[in-house]
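Peer 1: Structure provided below as structure tokens; questions to follow.
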Amino acid sequence: METTKVTPKNVGKKQLFENPILERLTRTHISIPLIIFNVGGIAMIYYGITNGLINAVEVIISYVIGVLAFSLVEYLMHRYVFHMEPTNKVKANIQYKFHGVHHEYPKDKERLAMPPVVSIVLVCILFLLFRLVMGNLVFGFLPGFLFGYTAYLWVHYIVHAFRPPSNIFKVLWVHHGIHHYKDNERAFGVSSPLWDFIFRTMPREG
């Protein structure tokens, strides 16, 4: 699969929209989604338990499944949507605005997370969908799903904002660095290399 090749720049940022409101909506500080979705997830668990909609065991099991589910969605979205083949100008434009600009300006800290307005709308849709499919287990599953998302955001942020650490995060830093600077057709997992291992898209040795 061929994707749009862009030359990464160490500094700078790119304006995507002439309209200042639309442009502002494409940017956010990393702390905003981390706070919104972690607090929202805790509130959902609290509401579900205190109202007898779900018990502690169900919360733990569905929460863990939610975290794993997000890691799979993260991988699939990154591989097949953010790196979709730009076979025409429309697809190329969408691919660039969704993800190509990040490859071109990987150090732009304000574009390392989906804008909160878009994210909140998406979460509301997911809540209705998951509630329809799994009933009250949504009060454990969706918080786990949201935690997976915030874990992804945090790992993605520290990879692009800081130097390689000397702890466990170094593995993830190197993994994502390979995707950006050596081979953007591999290493699609950000928060975990699990699905790269399963789907055989781990970086080539050497």
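Any read-out appearing in this document is the output of simple, stated calculations on the displayed coordinates, not a laboratory observation. These figures come from a predicted structure and were not determined experimentally. Note that each Cβ is placed from the backbone with ideal geometry, even for glycine, and that neighbours are counted across all protein chains shown.
Peer 1: Taking Cα centroids, how far is the range 62-85 from the range 143-163 in Å?
Peer 2: If you average the Cα positions of each part, the centres end up 13 Å apart.
Peer 1: A follow-up question, please. Mind giving me the FRET efficiency for Leu194 and His29? R0 is 22 Å, r the Cβ-Cβ distance, nearest 0.05 is fine.
Peer 2: Details: r = 29 Å, r/R0 = 1.30.
Approximately 0.15, to the nearest 0.05.
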